[in-house]
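Since every read-out is calculated from the coordinates, none of them should be taken as a lab result. Computed from a prediction, not measured in an experiment: that's the story for all the values here. Don't worry about glycine lacking a Cβ; one is built from the backbone with ideal geometry, like all the others, and counts go over all protein chains shown.
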Amino acid sequence: MTETATYQLLDGKRCGDALREGIAKGAAEVKAKRGRVPHLAAVLVGDDGASKTYVESKVKACESVGFRSSLIRLPGTTAEDDLLHHIEQLNKDKDLDGFIVQLPLPEHIDEEKVTLAIAPDKDVDGFHPENIGRMVLGLDCFLPATPSGIVELLRHFSIETAGKHAVVVGRSHIVGTPMSILLSRNVYPGNCTVTLAHSRTKDLASLTRQADILVAAVGKPEMITADMVKDGAVVVDVGIHRIPDASKKSGFRLVGDVKFDEVAPKCSWIAPVPGGVGPMTITSLLLNTLKAARR
Ligand code: GUN
């Protein structure tokens, strides 16, 4: 007997496009009001292939909504002090609304130092402790792009969240931890009962099977399998991995942390990879940049 797929896609491209229309209008308003469009800069240190692709997508997205963007490429051998000096200049640059330093950084550079050096009012990635602290307290701030993109995705598709059990797998500073906080807030989308699972969690599958909403942010290709998912769950896949595939022209295919083909038929909604969370992350960055420009 063949299984009938009844799931719906949390389509990040569609949702992102809808939000970007509003962002483009916002950019035009900013231009009319202060004579220049919102301006985002991205700093890329070294030539990691994936980081280069992400940064280029961010720059392209800026163009698509009428923002100005600047890409600052620094060699992988850049000294930590030099990078900190660049950051100081960007902090002071009055023509710039916000900037990001693409992670990961080369090993000889301390990411924590870099994050702390970015002025909180230009930290459109929302990684500075001041922004994270304000997020925890529910104060106005720049929300980290990936979890806030997921929140917007849930909102766009009117996913019910109040009283649901959300299981977030992965406790990274940029995804899992802030995701757990956003889903537990007393607003929509939120009011979930949240379990934050991680590498030391015992019997992960028994927890994920209880999830009404499952956010997979582990960083392990296709780790979430059908036996780990409850029937009717909403599954959000944050992972993105290149898997060698000789049948593809590029020589690889993209997969997430979720084994899509076997998990999707069990879901009510699922965010695909690619085309789910990815486009939403970039949209959130644009929203933060617009917010910075309006301040
Ligand atoms: N590396 C992976 N995701 C991100 C992100 O959202 N921002 C930055 N700066 N680096 C990343």
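Condition (residue is more than 26 Å from LEU116 (Cβ to Cβ), part of a loop (DSSP other than H, G, I, E, B) and either more than 11 Å from the chain's Cα centre (by Cα) or more than 15 Å from the ligand (Cβ to nearest atom) (or both)) applied to the range 149-157: is it met by at least one residue? Full working, then the answer.
Restricting attention to the range 149-157, the residues satisfying the condition of being more than 26 Å from LEU116 (Cβ to Cβ) are 152-157.
Of the ones still in play, those that are also part of a loop (DSSP other than H, G, I, E, B) are 157.
Narrowing further to those that are either more than 11 Å from the chain's Cα centre (by Cα) or more than 15 Å from the ligand (Cβ to nearest atom) (or both): 157.
Checked against the condition, which is being more than 26 Å from LEU116 (Cβ to Cβ), part of a loop (DSSP other than H, G, I, E, B) and either more than 11 Å from the chain's Cα centre (by Cα) or more than 15 Å from the ligand (Cβ to nearest atom) (or both), the range 149-157 yields at least one hit.
If the requirement is being over 22 Å from LEU290 (Cα atoms) and small (Gly, Ala, Ser), which of these qualifies: ALA119, ALA79?
Working: ALA119 fails: over 22 Å from LEU290 (Cα atoms).
The match here is ALA79.
Just checking, which of VAL55, VAL43 is hydrophobic (A, V, I, L, M, F, W, C) and not in a helix (DSSP H, G or I)?
Values: VAL55 fails: not in a helix (DSSP H, G or I).
The unique qualifying residue is VAL43.
Looking at PRO104, is it loosely packed, with under 14 Cβ neighbours inside 10 Å and within 15 Å of the ligand (Cβ to nearest atom)? Show your work before the answer.
Values: loosely packed, with under 14 Cβ neighbours inside 10 Å: yes; within 15 Å of the ligand (Cβ to nearest atom): yes.
When the stated conditions are applied, PRO104 passes them.
Can you work out which of the residues in the range 238-269 that are in a loop (DSSP other than H, G, I, E, B), in contact (Cβ under 8 Å) with a residue 12 or more places away in the chain and small (Gly, Ala, Ser) is farthest from SER180 (Cα to Cα)? Give the steps one after another, and end with the answer.
Start the filter on the range 238-269 by keeping residues that are in a loop (DSSP other than H, G, I, E, B), which leaves 238-240, 245-251, 256-257, 259.
From what's left, in contact (Cβ under 8 Å) with a residue 12 or more places away in the chain: 238-240, 256-257, 259.
Now drop any that are not small (Gly, Ala, Ser), which leaves 239, 256.
Details: GLY239: 16, GLY256: 20 Å.
In this case the residue turns out to be GLY256.
Going residue by residue through the range 223-237, is there one that turns out to be assigned to a strand (DSSP E or B) and within 29 Å of ALA24 (Cα to Cα)?
Let us first name the residues in the range 223-237 that are assigned to a strand (DSSP E or B), namely 224, 233-237.
Going one step further and asking which of them are within 29 Å of ALA24 (Cα to Cα), we end up with 236-237.
Yes, the conditions are met somewhere in the range 223-237.
Give the range 58-85 a look and list any residue that's part of a helix (DSSP H, G or I) and either closer than 17 Å to THR281 by Cα or in contact with a helix residue (DSSP H, G or I) (Cβ under 8 Å, 6 or more places away or on another chain) (or both), or say none.
Kept after step one, since they are part of a helix (DSSP H, G or I), are these residues of the range 58-85: 58-64, 80-85.
Selection gives LYS58, VAL59, LYS60, ALA61, CYS62, GLU63, SER64, GLU80, LEU83, LEU84.
Give me the pairs, please: first residue somewhere in the range 123-135 and in contact (Cβ under 8 Å) with a residue 60 or more places away in the chain, second residue anywhere and part of a helix (DSSP H, G or I) and more than 9 Å from the ligand (Cβ to nearest atom), beta-carbon distance under 6 Å, and either six or more positions apart or on two chains.
Partner pairs satisfying both residue conditions: VAL124/ASN288; VAL124/THR289; VAL124/ALA292.
Identify the single condition in (1) free of Cβ contacts under 8 Å to residues at least 12 places away in the same chain; (2) within 15 Å of the ligand (Cβ to nearest atom) that THR115 does not satisfy, given that it satisfies every other one.
(1)
Quickly run through the range 25-56 and pick out the residues that are within 23 Å of LEU105 (Cβ to Cβ), in contact (Cβ under 8 Å) with a residue 40 or more places away in the chain and surrounded by fewer than 16 Cβ atoms within 10 Å (Cβ to Cβ).
ALA50
Can you pull out every residue in the range 160-219 that is within 16 Å of the ligand (Cβ to nearest atom), out of contact with any Phe, Trp or Tyr (no Cβ under 7 Å at 6 or more places or on another chain), aliphatic (A, V, I, L, M) and assigned to a loop (DSSP other than H, G, I, E, B)?
Listed by number, the residues that qualify are VAL175, ALA217, VAL218.
Out of (1) outside any loop (DSSP other than H, G, I, E, B); (2) within 16 Å of the ligand (Cβ to nearest atom); (3) farther than 30 Å from ALA119 by Cα, the odd one out for PRO274 is which?
All conditions pass for PRO274, except number (1).
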